[in-house]
Amino acid sequence: MSDKISPPLDRDQLIMQAAALADHLARAGVQWMPRPNADAVESLKSRFQTVAAAGSAASRAAAPVAKTAPAPVAASSGAPSGGSVGPAKQPPRRPALNPTLLSDHAKPYPGPSLPVVERESELATLATEVAGCQRCPQLVRCRTKTVFGEGNAAARVVFFGEGPGADEDRSGRPFVGKAGQLLTKMIQACKFAREEVYILNTVKCRPPGNRNPEPEEIANCRPYFERQIELIRPEYIVCLGAVSGQSLLDSKLSVGRLRGQFHPYFDSKVIVTYHPAYLLRNPAAKKAAWEDLQMMLRDAGLI
Ligand code: SF4
(Lines give C-alpha, C1' and ligand atoms only; values in the text may rest on other atoms or scores of the structure.)
Protein backbone atom coordinates (compact mmCIF):
# COMPACT_ATOMS: atom_id res chain seq x y z
CA MET A 1 0.00 0.00 0.00
CA SER A 2 1.32 3.48 -0.83
CA ASP A 3 2.24 5.65 2.16
CA LYS A 4 1.98 8.85 0.12
CA ILE A 5 -0.40 11.41 1.59
CA SER A 6 -1.97 14.00 -0.68
CA PRO A 7 -1.07 17.55 0.27
CA PRO A 8 -3.91 19.36 2.06
CA LEU A 9 -6.18 21.49 -0.06
CA ASP A 10 -6.14 25.19 0.57
CA ARG A 11 -9.31 27.15 1.21
CA ASP A 12 -9.98 28.15 -2.36
CA GLN A 13 -9.40 24.62 -3.64
CA LEU A 14 -11.83 23.25 -1.07
CA ILE A 15 -14.47 25.76 -2.07
CA MET A 16 -13.93 25.06 -5.76
CA GLN A 17 -14.13 21.32 -5.24
CA ALA A 18 -17.28 21.62 -3.14
CA ALA A 19 -18.83 23.80 -5.84
CA ALA A 20 -17.72 21.38 -8.56
CA LEU A 21 -19.27 18.48 -6.65
CA ALA A 22 -22.52 20.40 -6.19
CA ASP A 23 -22.55 21.23 -9.88
CA HIS A 24 -21.94 17.60 -10.95
CA LEU A 25 -24.72 16.38 -8.68
CA ALA A 26 -27.16 19.03 -9.86
CA ARG A 27 -26.39 18.23 -13.51
CA ALA A 28 -26.80 14.53 -12.79
CA GLY A 29 -30.33 15.22 -11.62
CA VAL A 30 -29.89 15.29 -7.84
CA GLN A 31 -32.48 17.84 -6.89
CA TRP A 32 -31.94 18.52 -3.23
CA MET A 33 -28.47 20.05 -3.63
CA PRO A 34 -28.50 23.73 -2.71
CA ARG A 35 -27.11 26.00 -5.43
CA PRO A 36 -24.16 28.06 -4.21
CA ASN A 37 -24.80 31.76 -3.87
CA ALA A 38 -22.51 34.66 -3.10
CA ASP A 39 -23.51 34.95 0.61
CA ALA A 40 -23.04 31.23 1.24
CA VAL A 41 -19.65 31.28 -0.48
CA GLU A 42 -18.47 34.26 1.59
CA SER A 43 -19.65 32.56 4.76
CA LEU A 44 -17.79 29.37 3.79
CA LYS A 45 -14.65 31.34 2.97
CA SER A 46 -14.59 33.03 6.36
CA ARG A 47 -15.16 29.70 8.13
CA PHE A 48 -12.31 28.08 6.22
CA GLN A 49 -10.10 31.05 6.97
CA THR A 50 -10.75 30.67 10.70
CA VAL A 51 -10.12 26.93 10.63
CA ALA A 52 -6.99 27.31 8.47
CA ALA A 53 -5.58 30.02 10.77
CA ALA A 54 -6.19 27.86 13.86
CA GLY A 55 -4.59 24.87 12.09
CA SER A 56 -1.46 26.83 11.12
CA ALA A 57 -1.05 28.21 14.65
CA ALA A 58 -1.32 24.68 16.08
CA SER A 59 1.23 23.29 13.58
CA ARG A 60 3.66 26.13 14.32
CA ALA A 61 3.38 25.42 18.03
CA ALA A 62 3.94 21.68 17.53
CA ALA A 63 6.77 21.95 14.98
CA PRO A 64 10.40 21.58 16.14
CA VAL A 65 12.50 24.73 15.82
CA ALA A 66 14.32 24.81 12.49
CA LYS A 67 18.12 24.82 12.79
CA THR A 68 18.69 26.31 9.36
CA ALA A 69 16.87 28.79 7.22
CA PRO A 70 14.17 27.23 5.08
CA ALA A 71 15.20 26.39 1.55
CA PRO A 72 13.81 28.61 -1.20
CA VAL A 73 10.54 27.44 -2.62
CA ALA A 74 10.39 26.39 -6.23
CA ALA A 75 8.37 28.48 -8.63
CA SER A 76 4.68 27.73 -8.70
CA SER A 77 5.00 26.15 -12.16
CA GLY A 78 5.41 22.84 -10.39
CA ALA A 79 8.67 22.24 -12.26
CA PRO A 80 11.14 20.11 -10.33
CA SER A 81 13.94 22.08 -8.76
CA GLY A 82 17.51 21.30 -9.75
CA GLY A 83 20.29 19.94 -7.53
CA SER A 84 20.45 16.81 -5.42
CA VAL A 85 20.37 18.63 -2.07
CA GLY A 86 17.86 21.23 -3.23
CA PRO A 87 14.74 22.51 -1.61
CA ALA A 88 11.90 20.29 -0.55
CA LYS A 89 9.79 19.10 -3.46
CA GLN A 90 6.70 21.15 -4.15
CA PRO A 91 3.49 19.15 -4.01
CA PRO A 92 2.18 18.36 -7.47
CA ARG A 93 0.12 21.17 -8.91
CA ARG A 94 -3.54 20.27 -8.81
CA PRO A 95 -5.51 20.72 -11.98
CA ALA A 96 -7.60 23.84 -12.08
CA LEU A 97 -11.23 23.22 -11.38
CA ASN A 98 -13.94 24.75 -13.47
CA PRO A 99 -13.56 28.44 -12.61
CA THR A 100 -16.97 29.49 -13.87
CA LEU A 101 -18.89 27.30 -11.46
CA LEU A 102 -19.18 30.13 -8.99
CA SER A 103 -19.87 32.74 -11.60
CA ASP A 104 -23.20 34.50 -11.43
CA HIS A 105 -22.95 35.45 -15.10
CA ALA A 106 -23.69 32.08 -16.69
CA LYS A 107 -27.36 31.91 -17.53
CA PRO A 108 -28.70 28.61 -16.20
CA TYR A 109 -30.80 26.28 -18.31
CA PRO A 110 -34.50 26.94 -17.79
CA GLY A 111 -36.44 24.75 -15.40
CA PRO A 112 -35.22 22.10 -12.99
CA SER A 113 -32.55 19.54 -13.78
CA LEU A 114 -34.44 16.23 -14.15
CA PRO A 115 -33.43 12.92 -12.60
CA VAL A 116 -31.70 10.65 -15.12
CA VAL A 117 -34.66 8.28 -15.57
CA GLU A 118 -36.92 11.19 -16.43
CA ARG A 119 -34.37 12.57 -18.89
CA GLU A 120 -34.15 9.16 -20.57
CA SER A 121 -37.92 8.95 -20.75
CA GLU A 122 -38.23 12.45 -22.25
CA LEU A 123 -35.45 11.73 -24.74
CA ALA A 124 -37.21 8.52 -25.81
CA THR A 125 -40.46 10.42 -26.32
CA LEU A 126 -38.65 13.06 -28.35
CA ALA A 127 -36.94 10.36 -30.46
CA THR A 128 -40.35 8.95 -31.33
CA GLU A 129 -41.50 12.40 -32.37
CA VAL A 130 -38.39 12.87 -34.51
CA ALA A 131 -38.92 9.49 -36.21
CA GLY A 132 -42.24 10.76 -37.55
CA CYS A 133 -41.09 14.31 -38.33
CA GLN A 134 -42.02 15.64 -41.80
CA ARG A 135 -40.77 19.21 -41.51
CA CYS A 136 -38.11 19.05 -44.25
CA PRO A 137 -39.74 17.55 -47.36
CA GLN A 138 -36.50 16.87 -49.26
CA LEU A 139 -34.80 15.18 -46.31
CA VAL A 140 -37.89 13.14 -45.52
CA ARG A 141 -37.93 11.82 -49.11
CA CYS A 142 -34.24 10.80 -48.98
CA ARG A 143 -33.87 9.43 -45.47
CA THR A 144 -33.83 5.77 -44.53
CA LYS A 145 -33.86 6.34 -40.77
CA THR A 146 -33.82 9.40 -38.58
CA VAL A 147 -30.69 9.66 -36.42
CA PHE A 148 -31.75 11.07 -33.08
CA GLY A 149 -28.58 10.72 -31.00
CA GLU A 150 -27.41 8.38 -28.28
CA GLY A 151 -25.45 8.16 -25.08
CA ASN A 152 -25.53 9.03 -21.43
CA ALA A 153 -28.44 11.26 -20.43
CA ALA A 154 -26.27 12.64 -17.60
CA ALA A 155 -23.13 13.13 -19.69
CA ARG A 156 -20.53 15.70 -18.68
CA VAL A 157 -19.63 16.14 -22.33
CA VAL A 158 -21.86 16.26 -25.40
CA PHE A 159 -20.39 15.90 -28.89
CA PHE A 160 -22.48 17.82 -31.39
CA GLY A 161 -22.05 17.05 -35.09
CA GLU A 162 -23.56 18.21 -38.34
CA GLY A 163 -25.87 15.56 -39.78
CA PRO A 164 -26.06 11.88 -40.62
CA GLY A 165 -24.01 10.39 -43.45
CA ALA A 166 -24.78 7.24 -45.41
CA ASP A 167 -23.75 4.80 -42.65
CA GLU A 168 -25.71 6.70 -40.04
CA ASP A 169 -28.76 6.93 -42.30
CA ARG A 170 -28.74 3.14 -42.69
CA SER A 171 -28.16 2.33 -39.02
CA GLY A 172 -30.08 5.14 -37.34
CA ARG A 173 -27.08 5.81 -35.07
CA PRO A 174 -24.81 8.88 -35.01
CA PHE A 175 -21.12 8.72 -35.99
CA VAL A 176 -20.77 5.07 -36.92
CA GLY A 177 -18.91 5.44 -40.25
CA LYS A 178 -15.21 6.22 -40.72
CA ALA A 179 -15.60 9.70 -39.22
CA GLY A 180 -17.49 8.10 -36.34
CA GLN A 181 -14.64 5.70 -35.71
CA LEU A 182 -12.27 8.64 -35.50
CA LEU A 183 -14.66 10.41 -33.13
CA THR A 184 -14.73 7.32 -30.91
CA LYS A 185 -10.91 7.41 -30.80
CA MET A 186 -11.01 11.12 -29.89
CA ILE A 187 -13.48 10.37 -27.09
CA GLN A 188 -11.30 7.54 -25.84
CA ALA A 189 -8.22 9.77 -25.99
CA CYS A 190 -10.09 12.00 -23.54
CA LYS A 191 -10.34 8.91 -21.29
CA PHE A 192 -14.10 8.64 -21.74
CA ALA A 193 -15.97 5.61 -23.00
CA ARG A 194 -18.30 6.39 -25.89
CA GLU A 195 -21.24 5.37 -23.66
CA GLU A 196 -20.26 7.98 -21.07
CA VAL A 197 -20.80 10.93 -23.41
CA TYR A 198 -23.79 11.92 -25.52
CA ILE A 199 -23.56 12.27 -29.31
CA LEU A 200 -26.06 14.08 -31.48
CA ASN A 201 -26.29 16.04 -34.71
CA THR A 202 -27.72 19.37 -35.78
CA VAL A 203 -30.15 17.73 -38.22
CA LYS A 204 -31.59 14.27 -37.72
CA CYS A 205 -32.06 13.34 -41.38
CA ARG A 206 -29.36 12.82 -43.96
CA PRO A 207 -28.99 15.66 -46.46
CA PRO A 208 -28.78 14.12 -49.95
CA GLY A 209 -25.31 13.79 -51.45
CA ASN A 210 -23.79 14.69 -48.07
CA ARG A 211 -24.47 18.37 -48.72
CA ASN A 212 -24.59 20.75 -45.77
CA PRO A 213 -28.02 21.16 -44.22
CA GLU A 214 -29.86 24.27 -45.44
CA PRO A 215 -30.53 27.04 -42.90
CA GLU A 216 -34.25 26.27 -43.07
CA GLU A 217 -33.60 22.59 -42.26
CA ILE A 218 -31.43 23.57 -39.31
CA ALA A 219 -34.16 25.92 -38.10
CA ASN A 220 -36.72 23.10 -38.44
CA CYS A 221 -34.57 20.74 -36.38
CA ARG A 222 -33.42 23.30 -33.82
CA PRO A 223 -36.17 22.58 -31.25
CA TYR A 224 -35.06 18.94 -31.17
CA PHE A 225 -31.36 19.49 -30.54
CA GLU A 226 -32.03 22.34 -28.16
CA ARG A 227 -34.34 20.14 -26.10
CA GLN A 228 -31.83 17.27 -26.08
CA ILE A 229 -29.10 19.56 -24.76
CA GLU A 230 -31.46 21.20 -22.28
CA LEU A 231 -32.41 17.80 -20.85
CA ILE A 232 -28.78 16.66 -20.54
CA ARG A 233 -27.40 20.11 -19.59
CA PRO A 234 -23.76 19.02 -19.91
CA GLU A 235 -20.77 20.88 -18.57
CA TYR A 236 -19.15 20.90 -22.01
CA ILE A 237 -20.44 20.81 -25.57
CA VAL A 238 -17.92 19.96 -28.27
CA CYS A 239 -19.17 21.28 -31.61
CA LEU A 240 -17.69 19.28 -34.44
CA GLY A 241 -17.35 21.51 -37.48
CA ALA A 242 -18.74 24.84 -38.61
CA VAL A 243 -22.39 23.81 -39.05
CA SER A 244 -22.91 22.72 -35.45
CA GLY A 245 -20.76 25.51 -33.97
CA GLN A 246 -22.47 28.24 -35.96
CA SER A 247 -25.93 26.80 -35.30
CA LEU A 248 -25.49 26.47 -31.56
CA LEU A 249 -23.71 29.77 -31.07
CA ASP A 250 -25.73 31.66 -33.68
CA SER A 251 -22.50 32.77 -35.32
CA LYS A 252 -21.16 33.09 -38.84
CA LEU A 253 -17.50 32.68 -37.86
CA SER A 254 -15.38 29.86 -39.21
CA VAL A 255 -14.11 26.99 -37.08
CA GLY A 256 -10.67 28.62 -37.21
CA ARG A 257 -12.10 31.77 -35.59
CA LEU A 258 -14.33 29.96 -33.08
CA ARG A 259 -11.86 27.39 -31.80
CA GLY A 260 -9.34 27.88 -28.99
CA GLN A 261 -11.78 29.44 -26.52
CA PHE A 262 -14.88 28.63 -24.50
CA HIS A 263 -18.23 30.02 -25.55
CA PRO A 264 -21.28 30.03 -23.29
CA TYR A 265 -24.46 28.15 -24.10
CA PHE A 266 -26.59 28.62 -21.01
CA ASP A 267 -24.22 27.39 -18.31
CA SER A 268 -22.49 24.84 -20.52
CA LYS A 269 -19.08 25.63 -21.98
CA VAL A 270 -18.86 25.20 -25.71
CA ILE A 271 -15.73 24.45 -27.68
CA VAL A 272 -15.67 24.34 -31.45
CA THR A 273 -13.24 22.10 -33.23
CA TYR A 274 -12.82 20.35 -36.55
CA HIS A 275 -15.27 17.69 -37.70
CA PRO A 276 -13.75 14.18 -37.76
CA ALA A 277 -14.60 13.92 -41.48
CA TYR A 278 -12.46 17.03 -42.06
CA LEU A 279 -9.68 15.51 -39.97
CA LEU A 280 -9.74 12.39 -42.15
CA ARG A 281 -9.21 14.60 -45.21
CA ASN A 282 -6.72 16.89 -43.45
CA PRO A 283 -4.71 14.88 -40.91
CA ALA A 284 -2.49 17.89 -40.21
CA ALA A 285 -5.46 19.48 -38.38
CA LYS A 286 -5.58 16.63 -35.84
CA LYS A 287 -3.00 18.39 -33.67
CA ALA A 288 -5.24 21.47 -33.40
CA ALA A 289 -8.29 19.32 -32.63
CA TRP A 290 -6.39 17.54 -29.87
CA GLU A 291 -5.33 20.91 -28.43
CA ASP A 292 -9.01 21.92 -28.33
CA LEU A 293 -9.95 18.75 -26.45
CA GLN A 294 -7.03 19.21 -24.07
CA MET A 295 -8.22 22.74 -23.32
CA MET A 296 -11.53 21.23 -22.22
CA LEU A 297 -9.88 18.43 -20.22
CA ARG A 298 -7.64 20.90 -18.41
CA ASP A 299 -10.59 23.11 -17.57
CA ALA A 300 -12.51 20.09 -16.28
CA GLY A 301 -9.58 19.16 -14.04
CA LEU A 302 -9.11 15.89 -15.90
CA ILE A 303 -5.48 16.41 -16.91
S1 SF4 B 1 -34.08 17.14 -40.31
FE2 SF4 B 1 -35.13 17.39 -38.36
S3 SF4 B 1 -36.77 18.84 -38.79
FE4 SF4 B 1 -36.06 18.07 -40.76
S5 SF4 B 1 -37.41 16.32 -41.18
FE6 SF4 B 1 -35.61 15.50 -40.17
S7 SF4 B 1 -36.17 15.47 -38.01
FE8 SF4 B 1 -37.63 16.80 -39.03
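The values are calculated or read from the model by the stated rules, or taken from the named source; none is laboratory data. Since the model is a prediction, treat every value here as computed from it, not as a measurement. FYI the Cβ positions are ideal-geometry reconstructions off the backbone, even for glycines, and counts take in every protein chain you see. Side chains are part of the model used for accessible areas, which takes the heavy atoms of the whole protein and leaves out ligands, DNA and RNA. Shrake-Rupley method; radii C 1.70, N 1.55, O 1.52, S 1.80 Å.
Observations, loosely collected:
- Using the Cβ-Cβ distance between ARG281 and ALA22 with R0 set to 51 Å, the FRET efficiency works out to roughly 0.75.
- Summing Lys and Arg as +1 and Asp and Glu as -1 over all other residues whose Cβ lies under 13 Å from the Cβ of ALA189 gives a net charge of +3.
- Computed E for SER251/LEU14 - FRET, C-beta separation, R0 35 angstrom, nearest 0.05: 0.40
- Surface per residue (accessible, 1.4 Å probe) for the stretch 235-303, Å²: 44 Å²
- Rg(Cα) / (2.2 N^0.38 Å) computed for the stretch 116-299, rounded to two decimals: 0.94
- When each of the peptides 234-240, 292-298, 196-202 is scored by how many other beta carbons lie within 10 Å of its residues on average, the order from highest to lowest is 234-240, 196-202, 292-298.
- Separation of the stretch 213-262 and the stretch 156-170, taken as the distance between their Cα centroids, equals 13 angstrom.
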